[in-house]
Structures are given as C-alpha cells and as structure tokens.
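Here is the structure we will look at.
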Amino acid sequence: MSRIAYVNGRYLPLRDASVNVEDRGYQFADGVYEVCEVWHGRLVDERRHLDRLDRSLSELSIARPMSRAALALVLREVVRRNGVREGMVYLQVTRGVARRDHPFPPPDTPPSMIVTARRTDRAAQEALARQGVAVITVPENRWPRVDIKSVSLLPNVLAKQQAREAGAREAWFVDPDGYVTEGASTNAWIVTPGGALVTRPADSGILRGITRTVALEVAADLGFTVEERPFTVAEALAADEAFISAATTVVMPVVRIDRRTIGKGTPGPVAQALRLKFHDFSEVV
Ligand code: PDD
C-alpha cells in the first residue's frame, strides 16, 4: 500500500505531497506539530494532543486551520488510508505561505496543514523495551519556550545524532545547574534507591509530554511515590532505574547513561509496570 499524506485539503500519494517553497514552516520553522500514537488502529490521547496543539498555536498566534472535529476526521482518514494499525500520526501546522519576510504575514494568510501516518514495528519496540536503551547527556542549548511544540528542532536533531553516533537512543539535555531537563524527543525520569519516581516539573524547561501526564496517573494508581522535581546527572547515575516517555516509545527503560550502567543494567520493575499498564489509562478512541 503506497503511503498517503494530507496536504492543505488534499489526500495525495507521498511522492506528490509537497508544500510551497515559501511556506513559513520551511523557511523559518514557523510552525507547530503533534505526534499521536496509533494503537490497535485507534488514536491514543487525541483529546490531550489536540488541546496541546491549540495551546502551541495560541502561544505563537497561528490560527487553527480547521475546526477540531474536522481535524479529528483528517487524522482518522490519514490513518485509515495508510492502513496503520500500530504506529503514529503526525500533524503539522505552519503560519502559511508568504513572501519571505520575518514579521507575520497579513492576517488573512491561511495556515498550512499536513498530516502523515506511518507504521511502527510493535514487536521490535517490545524487544527494545525488554532490553532497555542507552542515553547520553548533552548541554541544554535550546530556547526557553520548549513548552511550545514547535517544529524548530535543530538542537534536538543535533543531540539525537550525537546520541546515535555514541551508540545511544536518546540524548538528555542538562541545564547550566547540572539538572536534566528532558530528552531530544522524550521526557526523562528516574527511580531513586528509596523507590520514588522523579521527573522534572512541566512548568519550566520541558515539553509537557502527554505520555508523561498519563504515566503520572498510572504511577498514582499503582501507589508509587512521585516527586515532580529536577534531578541531576549524578542522581540519575546513582538511581535504581531510569526511563524515557513519549508517544513514539510509550515508557522505555534506560539502562545506561553516558556509558555507565543504571541499577542492575536491565529494565526495572517500575518502568516495566508503567509500560504494561499505560494503555489502560490513556484515552483510546
Ligand atoms: N516528541 N519532549 C520533547 C522534546 C518531545 O519532542 C516529546 C515528543 C516529548 C514527549 O511528549 P509526548 O509524550 O506528548 O509524545 C517530550 C515527539 C514524539 C516527536 O518529536 O517525535
């Protein structure tokens, strides 16, 4: 089945799906995005993802391209046309097409919207989760508004590439005070030797991950102690467990940080429990 993309009102084969060279997303990274997990053919936590999209758009004064109901229909249609049962759907909205000029274009410039979907290999993901992944740490070098899910991801791209070249899956940004903020495309967590789950508060320095929000609910239900506070790299290295969370990985155990083994060097019980229970708590529609 050839892949289909939605581009500004049309469903097109991926090879014909293109945007104008003067799209502000292309020229200025002037846009926002969302990634939603597709699980058993259904969207996971769509309501929360669309709420966050609304917030990102409003923080950047970009108009919503269509009603929420229409948006939900397009997401489903792209998932359906691509025959995705297990995978993800990607949605991007930019400030539209205009002659290249830094200030906003005229207010009647329609925003651009694209949607793509793709399959993921669930068995490979599960195998990875049984093994755990490695992360490296890199200095935080992003702008302060990482709470906005902007497509301006160059520091994230460079950090992720550095991780790949070091044989790791993810890079954790570390702020000037030595505290971990988050991963290049995931939120960061540890479990202390005392058994407390620790993750940075979502009020500064991180994206408020939807997976993070749901994982906090799972943790509360399972009776785990949760501390929403920053943690240092030293504390992470001494932790019993570490893991990352995102729509693309759900909860993924971390077994090495900067080549140092975490805990027993195998996925820990807390991360495994959160992963196992996750879809009981997410909204699947
Ligand atoms: N990334 N932090 C950053 C910087 C992210 O890019 C993401 C998601 C997250 C986790 O958010 P959520 O749980 O809502 O997926 C945290 C997506 C998946 C991506 O860029 O592909």
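Taken together, the values in this text are just the output of simple stated rules run on the coordinates, not laboratory data. Here the structure is a predicted model, which is why all the values come from computation and not from measurement. Cβ: placed from backbone, ideal geometry, glycine included. Neighbour counts: every protein chain shown.
Figures for the structure shown
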{"quantity": "Gap separating the Cα centres of region 75-129 and region 188-266, nearest whole Å", "calculated": "28"}
{"quantity": "Residues with amide H under 5 Å from that of THR137, placed H, sequence gap 5 or more", "calculated": "TRP172, ASP258"}
{"quantity": "The chain - charge dipole about Cα centre, Lys and Arg +1 at Cβ, Asp and Glu -1, debye rounded to 20", "calculated": "940"}
{"quantity": "Selection from LEU73, LEU91, GLY31 lying farthest towards where the dipole of region 4-120 points positive, charges on Cβ", "calculated": "LEU73"}
{"quantity": "Among VAL214, HIS279, LEU237 - extreme Cα towards positive end, dipole of region 202-283, charges at beta-carbon", "calculated": "LEU237"}
{"quantity": "Label-point gap, in nm, between PHE104 and MET1 - each point 7 angstrom along Cα→Cβ", "calculated": "3.9"}
{"quantity": "Leading residue at positive end of dipole, the chain (Cβ point charges), from THR116, SER2, ILE148", "calculated": "SER2"}
{"quantity": "Cα centre as origin, Lys/Arg/Asp/Glu Cβ charges: region 4-120 dipole, Debye", "calculated": "380"}
{"quantity": "For region 22-142: rounded, prolate or oblate by the Cα gyration tensor [a/c cutoff 1.5]", "calculated": "oblate"}
{"quantity": "FRET efficiency, GLU86 to GLN27 (Cβ-Cβ, R0 45 Å, nearest 0.05)", "calculated": "0.85"}
{"quantity": "Computed magnitude of the charge dipole of region 152-285 (debye, nearest 20; Cβ of K, R +1, Cβ of D, E -1)", "calculated": "480"}
{"quantity": "FRET efficiency for MET66 and GLU217, using Cβ-Cβ distance with R0 set to 35 Å, rounded to 0.05", "calculated": "0.70"}
{"quantity": "Under 19 Å from the Cα of LYS264 - aspartates and glutamates, other chains or at least 8 residues apart", "calculated": "GLU235, ASP240, GLU241"}
{"quantity": "Relative compactness, the chain, computed as alpha-carbon Rg over 2.2 N^0.38 Å", "calculated": "1.02"}
{"quantity": "Antiparallel content of DSSP bridges confined to the chain, in %, to 5", "calculated": "80"}
{"quantity": "Fraction of antiparallel bridges per DSSP, region 125-281 only, in percent to nearest 5", "calculated": "60"}
{"quantity": "Candidate lysines - alpha carbon under 29 Å from LYS149, same-chain residues fewer than 8 apart omitted", "calculated": "LYS160, LYS277"}
{"quantity": "Gain on full stretching of the segment that runs from ASP280 to ARG260 - 0.36 nm per residue minus C-alpha separation", "calculated": "3.9 nm"}
{"quantity": "Residue list for region 248-285, given a label point 7 angstrom along the Cα-to-Cβ vector of THR225 and an amide N cut-off under 20 Å", "calculated": "263-264, 268-274"}
{"quantity": "17 Å tail of the calculated P(r), region 202-270, as % of Cα pairs", "calculated": "49"}
